Amino acid sequence: MSRFLPQCSFTVNPAADVVNLGSSLREETEKVANRLHELIESGKTTVVSYNAKCERCSLIDVCLPKMPRGRGSVENYLRNVLSENEGK
């Protein structure tokens, strides 16, 4: 069951033109939004991998894509962060 209201349009700016979502785009949007809600409710975080575009992302400090996963990760992460900051 969808968590969305039955409205079929979307506006970024009330003065802008209304963008009507076709049924396939609306369906895909609902699937993605429902998956997001499932992830949030599960309390699990997704696995991320660092790449060049991460440096331009406003969420890099939240996402922590350079954070190693597995045993000893906090120690390794802090060592890497401190060594990176020494060079700045």
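The values are calculated or read from the model by the stated rules, or taken from the named source; none is laboratory data. Note that the coordinates shown come from a computational prediction; the quantities given were computed from them, not determined experimentally. With ideal geometry, Cβ positions are generated from the backbone for all residues, glycine too; neighbour counts draw on all protein chains shown.
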>> Can you tell me which of (1) surrounded by 10 or more Cβ atoms within 10 Å (Cβ to Cβ); (2) at pLDDT below 85 is the one residue 30 doesn't meet?
In response: (2)
>> Out of everything in the range 42-83 that is part of a loop (DSSP other than H, G, I, E, B) and surrounded by 11 or more Cβ atoms within 10 Å (Cβ to Cβ), what residue ends up being modelled with the highest pLDDT?
In response: 57
